[in-house]
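Here's the structure we're looking at; comments come further down.
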């Protein structure tokens, strides 16, 4: 299904969500003091977006009448994983290369949850295609930043 069936602001703003990570990649490549800030910002942004996705799934499932416990667990996991990926920073452990790669891979895989949701409820036409585009862009950039950080 084409994303053309979705409201234009939804598509534009959804795809614009990739821009902060693109900026972080640019800053990480520029080196210097900005590099560390870019790595931290990229990790925080990826964790934030992953958590946002879980909330989106939770609400979509609620509105769609999804009663399966596995789905509610799936909707809660992104926030817990995002939190866990930020913990090493809080305790001064080596960070954020592996965490960025982990977050990026989870974001890349996140449309699978949307597909699972689509099996039990109707989603707007074009939504899965847009989600795939957003997840591919953000997930790939996050993995690249993680590799640059020293995975």
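Remarks
- Residues (in contact with a helix residue (DSSP H, G or I) (Cβ under 8 Å, 6 or more places away or on another chain) and surrounded by fewer than 21 Cβ atoms within 10 Å (Cβ to Cβ)) located in the stretch 57-70: 58, 60, 64, 66, 68
- If you check 148, 141, 74, 117 for being under 14 Å from residue 49 (Cβ atoms) and crowded, with 17+ Cβ neighbours inside 10 Å, only one passes: 141.
- Test set (1) over 14 Å from the mean Cα position of the chain (by Cα); (2) without any contact (Cβ under 8 Å) to a residue 60 or more places away in the chain; (3) surrounded by fewer than 16 Cβ atoms within 10 Å (Cβ to Cβ); (4) assigned to a helix (DSSP H, G or I) - residue 83 fails condition number: (1)
- Single match in 34, 42 (criterion: touching a helix residue (DSSP H, G or I) at 6+ places or on another chain (Cβ under 8 Å), closer than 23 Å to residue 149 by Cα and in contact (Cβ under 8 Å) with a residue 12 or more places away in the chain): 42
- Near pairs, Cβ below 6 angstrom, 6+ apart or cross-chain, from the stretch 59-75 (in contact (Cβ under 8 Å) with a residue 40 or more places away in the chain) to any residue that is assigned to a loop (DSSP other than H, G, I, E, B): 64/121
- Filter pass, residue 95 being touching a helix residue (DSSP H, G or I) at 6+ places or on another chain (Cβ under 9 Å), modelled with pLDDT under 95 and in a helix (DSSP H, G or I): no
- Taking the stretch 129-138 as the range and being surrounded by fewer than 20 Cβ atoms within 10 Å (Cβ to Cβ), in contact (Cβ under 8 Å) with a residue 60 or more places away in the chain and in contact with a helix residue (DSSP H, G or I) (Cβ under 6 Å, 6 or more places away or on another chain) as the test, only 129 passes.
The values are calculated or read from the model by the stated rules, or taken from the named source; none is laboratory data. Computed from a predicted model, the values in this text were never measured in an experiment. Don't worry about glycine lacking a Cβ; one is built from the backbone with ideal geometry, like all the others, and counts go over all protein chains shown.
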